[in-house]
Structure formats: C-alpha cells, structure tokens
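Just below is one structure, and these are the notes that go with it.
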Amino acid sequence: MASLGGSWRDAYKGMSSDNIKGLVLALSSSLFIGASFIVKKKGLKRAGASGLRAGSGGYSYLLEPLWWVGMITMIVGEIANFAAYAFAPAILVTPLGALSIIISAALAHVILHEKLHTFGLLGCVLCVVGSITIVLHAPQEQEIDSVLQVWNLATEPAFLLYAAAVVGAAIILIVQFVPQYGQSHVMVYIGVCSLVGSLSVMSVKALGIALKLTFSGMNQLIYPQTWVFTLIVLTCVITQMNYLNKALDTFNTAVVSPIYYVMFTSLTILASVIMFKDWDRQDGTQIVTELCGFVTILSGTFLLHKTKDMVDGSSSSGNLVIRLPKHLEDSNGFEQEGIPLTLRRQECTKSPRPMRHLMLPQDGLEAV
C-alpha cells in the first residue's frame, strides 16, 4: 500500500502556482459571465415594462442601470478569462467555460424562477465532475520568458500547417457555403466561428503572456511580434463574433450554444496541443483522463441545453399545446411565430363529442 501511495504521489505532482492562478481566474470568469446573463435579463425586463422591448427593436434598456451592471459584470468576466490564458494552458481554461452555463441556470432557477428540469440538474453535475477531472489532471504550464518564445512556437511547421488549414477552411466556408447554406445549415456559421476562434484563443494567450511579462518588469511591447498577435486577436474576434451573431439570429440558441461549445473547445484544445505541446509533458493515463473529463462536460452541456425548457410533471399539467410553424401566419390575427392553441383537459372532458372528432388542420402542425 505504501508503494502504491508513493507511485500515485509521483504521478500527480500537484498544480503549479501559475495553474492555480489560471484556475481561479477561469472560475471567476465563469461566475461573472454566468451572473451577467441573469442581471442583464432582469434589466431587459424592467426596461420592457416601461418602454419598447429589445426584441421589438427598442433600446430603452440602455437607460436601465441594471442592464449596465450586467454588461459591466460580463466585461469583468471576459477580462478574467483573458488573464487566465496567460497563466494556465488552454486545455485547462477553455473547458471551464461550461461552468458559466451552470451558474446561469442555477441563478435563473432562484432569481428568475425559471424551473430547472431534473435532467438539467444531472447535466450540471456532469459538468462539475468533468471540470474537476480536467483540473486535477491538467498539464503544467511551461515557463515562457519572452514573447519571442511564443512566436517561435507559433511559427513551427506543425502549427503553421494547422493555421493554414484553419484559415483555408474558414475562407472556403465564407465564400462557398455561407451564401448558399448559411441560412439553412447551422454548421456553416458555427464552423467559421469555431475555426477562427481556435486561432483567436492562441493569439489571446500569446498577448496575455506578453502583458504578464510586461507588468512583471520585462517590457514586451517593444517587440513587433506582440503587435502582430494583437492584430490577429482583433481580426479573429471580430470575425468570430460576426458569424456567431449570424448563427444566433438565424437558429435556435438551444441548438447553437452546445454545438458551438463542442466545436470551439475541441479545436482550441487541438490548437493548444499543437502549438504549446501540452501533452508532451503528460503520460497516456493523464491524457485519456482529460479526454474523459472533456467528454463528461460535453455530455452535461448537451443535457442541460436539451432540457432547459422542460418542466418536471409537464405531462400531467392537463394542457395540450399545438403551435403553428414559424413560416405560417393565420389570417385571424395569430402572430407569425405561432400562438399556442391550448385545449384544457377539464374542458375537453365536458365536451359531448369524443376527442377523436375534434377537427384540426393537419399540415405543418407541431405538437409540444
């Protein structure tokens, strides 16, 4: 038993101080970003009660202090996430972004009274378990003394090949597929976001390291490589946000969010493994364990998103809801999005005719 305990301690050296700083910053980022969604939604509700709602094209929320509190909270979270990449490897920081989904769901359950389904709770537990697994087996961050060292890593043949493949694939999607399939296939917009996003994270990490070294007394702003990384960050982030907004505006958020998280996180981890050689400092057991933790987080994220609109006991609520599809518009004043036609069980039981005689249009109806 003593030898077994000793071998376990030899295999697990503990987290470095930089990894701990990165972990704390990543957790803080998830907390701030998760809370910001709830605060902003409260602000939007208050603004909508006294003016034109944002969904209808109104901007009264810009005069609502609570919305600005949520916006500032999100900015603080993004800054913390930016700083986390300067201390810890992307394979540790990026998957922890799923925790913001848990925090948002939990706060929505408590503050906004948006009920969380039992399977949603299970999804939260899976995300936590997967995150703990990755944290305990994350690789140590390598020592970097200059932005020139990061530049040398970024200009190695393996990463240049990856970057060229990513840029080429993104250009093909934008030029060839976006005009034809962007409005009908969710993977087109998300593919562009995820591909470009993996390069943006690598550039953000390089810029974060340069700023960390600068603040510690080793000025990295004198090197042109620092400004090249800054230009890449701006270009990638603008492109990424542009196509992410297109995806969110075109498709359901419940579909976009989990798919984007899976593709973005997977490609970011791949880019980090190639550029910073994270797995070169680990054995096979640690790598497999990290992958298992990542898959666990993915499972929890999908489960949470799939069940976020479900309510326990909905089958016994006594209501049958039928919605018209989005492309249909009823001449009797129904909205284009579709107004639910509710048939209450207690009223149907009083009807002299059986339910099978109730005549409803058959084309294009969606039962919910």
- Query: What about Ala26, is it crowded, with 21+ Cβ neighbours inside 10 Å and either modelled with pLDDT of 85 or more or closer than 30 Å to Ile209 by Cβ (or both)?
  - Reply: yes
- Residues (of a type outside the set (Val, Ile, Thr), surrounded by 14 or more Cβ atoms within 10 Å (Cβ to Cβ) and in contact with a Ser or Thr (Cβ under 8 Å, 6 or more places away or on another chain)) located in the range 171-192: Gly182, Tyr189
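Going by the conditions given, is Phe251 modelled with pLDDT under 95 and open to solvent by 30 Å² or more (accessible area, probe 1.4 Å)?
Yes: the conditions hold for Phe251.
So which helices (runs of 4 or more DSSP H) stay within the range 88-149 end to end and still have 1 or more residues that are open to solvent by 30 Å² or more (accessible area, probe 1.4 Å), at negative phi and among the small types (Gly, Ala, Ser)?
The helices (runs of 4 or more DSSP H) meeting that bar are 98-110.
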- Task: For the range 171-278, please list each of the helices (runs of 4 or more DSSP H) lying entirely inside it that holds at least 2 residues being of a type outside the set (Ser, Thr, Tyr) and touching a helix residue (DSSP H, G or I) at 6+ places or on another chain (Cβ under 8 Å).
- Result: 186-215, 224-250, 253-276
- Message: Any residue at all in the range 62-70 that's assigned to a helix (DSSP H, G or I) and open to solvent by less than 20 Å² (accessible area, probe 1.4 Å)?
- Response: yes
- Query: Looking at the range 177-190, is at least one residue in contact with an Asp or Glu (Cβ under 8 Å, 6 or more places away or on another chain) and under 30 Å from Phe87 (Cβ atoms)?
  - Reply: no
- Inter-residue pairs, beta-carbon under 8 Å, first of a type in the set (Val, Ile, Thr) and in the range 273-286, second assigned to a helix (DSSP H, G or I), 6+ apart: Val273/Ile91; Val273/Trp279; Ile274/Ala158; Ile274/Phe159; Ile274/Tyr162; Thr285/Ala11
- Message: Given the options Gly197, Gly208, name the one that is under 16 Å from Ser266 (Cα atoms) and either open to solvent by 10 Å² or more (accessible area, probe 1.4 Å) or touching a residue at least 12 places away in the same chain (Cβ under 8 Å) (or both).
- Response: Gly197
- Item | Matching residues, the range 207-237, being under 20 Å from Ala90 (Cβ atoms), out of contact with any Gly (no Cβ under 9 Å at 6 or more places or on another chain) and not aliphatic (A, V, I, L, M) | Gly208, Lys212, Gln220, Gln225, Thr226, Phe229, Thr230, Thr235
- Query: Cβ-Cβ below 7 Å, separation at least six or inter-chain, first residue in the range 69-96 and of a type in the set (Phe, Trp, Tyr), second not in a helix (DSSP H, G or I): which pairs?
  - Reply: Phe87/Glu141
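The values are calculated or read from the model by the stated rules, or taken from the named source; none is laboratory data. Remember, it's a predicted structure, so these values are computed and weren't measured experimentally. Reconstructed Cβ throughout: ideal geometry from the backbone, glycine too, with neighbour counts over all protein chains shown. Areas reflect the complete protein model, heavy atoms only, side chains present, ligands, DNA and RNA absent. Shrake-Rupley method; radii C 1.70, N 1.55, O 1.52, S 1.80 Å.
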